[in-house]
Amino acid sequence: MEGFALARRGSLSATPAPCLRIGEVARRTGLPVKTIRYYCDEGLLQPRARSASGYRLFDEENLTELTIIRALRAMDVAIPELARILEVRRAGVCNCSVLKGSIAAKVESINQRISELAAMKDELTRLLERWQDCGGAKLQD
C-alpha cells in the first residue's frame, strides 16, 4: 500500500502517455464500463482528457488508480473515504496513516462478522444435534 503514494499525476515523462478509451480500460482492468463511469461520476477517477467527440480518455495513472479503488472497495471502504484517500495521494502526501486506519477498521469489522458467523454456526450445530427425524412422513399441501 505504501507504494501507492509514489506514483502520482503530474510526474514528468519524456513522452506523453497514450490515451485509452473506456472500453480498453475496462478490458485491462476487468471492471465493467458502467463501474468505471460511476467512479468518474463520483469523482474517484479523473480521466486524463476528453476526445473531440466527448469520449473519456484515460492513461496509465488512471489504471493504477483503478487498481487502488478496486482493492479498497473490496475492503468495503466507503466512497467518501476512498475519495479522501485518492485526494491525499494525488497531492503527493503520504497517506499511509489514512490507509492504515481504514484497513484497521475493516479488520475489526471482519473480526466482528466472523464472531457473528461463529455464533450462528454454533446455534445451527446445536439445532442439528437435537434434530429428531420425522420418520419420513410427507408434508401435506
Quiz item: Taking the condition at pLDDT below 90 and over 30 Å from Arg113 (Cβ atoms), does Arg48 pass?
Solution: no
Quiz item: Within the group Ala71, Ala83, which residue is closer than 24 Å to Cys19 by Cα, without any contact (Cβ under 8 Å) to a residue 24 or more places away in the chain and assigned to a helix (DSSP H, G or I)?
Solution: Ala71
Self-check item: All positions within segment 29-64 that are of a type in the set (D, E, K, R), surrounded by 14 or more Cβ atoms within 10 Å (Cβ to Cβ) and in contact (Cβ under 8 Å) with a residue 24 or more places away in the chain
Solution: Arg48, Arg56, Asp59, Glu60, Glu61
Self-check item: Filter pass, Ser97 being surrounded by 10 or more Cβ atoms within 10 Å (Cβ to Cβ) and either acidic (Asp, Glu) or assigned to a helix (DSSP H, G or I) (or both)
Solution: no
Quiz item: Of all residues in segment 29-63, which are within 26 Å of Lys100 (Cβ to Cβ) and in contact with a Phe, Trp or Tyr (Cβ under 8 Å, 6 or more places away or on another chain)?
Solution: Leu45
Practice problem: Any chance you could count how many residues in segment 101-117 are out of contact with any helix residue (DSSP H, G or I) (no Cβ under 8 Å at 6 or more places or on another chain) and touching a residue at least 12 places away in the same chain (Cβ under 8 Å)? | Solution: 3
Quiz prompt | Lone qualifier among Asp133, Asp122 - being of a type in the set (Asp, Glu), out of contact with any His (no Cβ under 7 Å at 6 or more places or on another chain) and in a loop (DSSP other than H, G, I, E, B) | solution = Asp133
Quiz item: Of the residues Leu117, Leu127, which single one is surrounded by fewer than 10 Cβ atoms within 10 Å (Cβ to Cβ) and either aliphatic (A, V, I, L, M) or more than 26 Å from Pro18 (Cβ to Cβ) (or both)?
Solution: Leu127
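Answer yes or no as to whether Asp141 is at pLDDT 85 or above, acidic (Asp, Glu) and either assigned to a helix (DSSP H, G or I) or surrounded by fewer than 10 Cβ atoms within 10 Å (Cβ to Cβ) (or both).
On the way: at pLDDT 85 or above: no; acidic (Asp, Glu): yes; either assigned to a helix (DSSP H, G or I) or surrounded by fewer than 10 Cβ atoms within 10 Å (Cβ to Cβ) (or both): yes.
Answer is no for this residue.
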Self-check item: Evaluation of Arg9 against (1) basic (Lys, Arg); (2) modelled with pLDDT of 85 or more; (3) not in a helix (DSSP H, G or I) (one fails), failing number
Solution: (2)
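So, Ala74, is that one under 12 Å from the mean Cα position of the chain (by Cα) and loosely packed, with under 13 Cβ neighbours inside 10 Å or not?
Working: under 12 Å from the mean Cα position of the chain (by Cα): yes; loosely packed, with under 13 Cβ neighbours inside 10 Å: yes.
Against the criterion (under 12 Å from the mean Cα position of the chain (by Cα) and loosely packed, with under 13 Cβ neighbours inside 10 Å), Ala74 qualifies.
The values are calculated or read from the model by the stated rules, or taken from the named source; none is laboratory data. Computed from a predicted structure; not experimentally measured. Cβ: placed from backbone, ideal geometry, glycine included. Neighbour counts: every protein chain shown.
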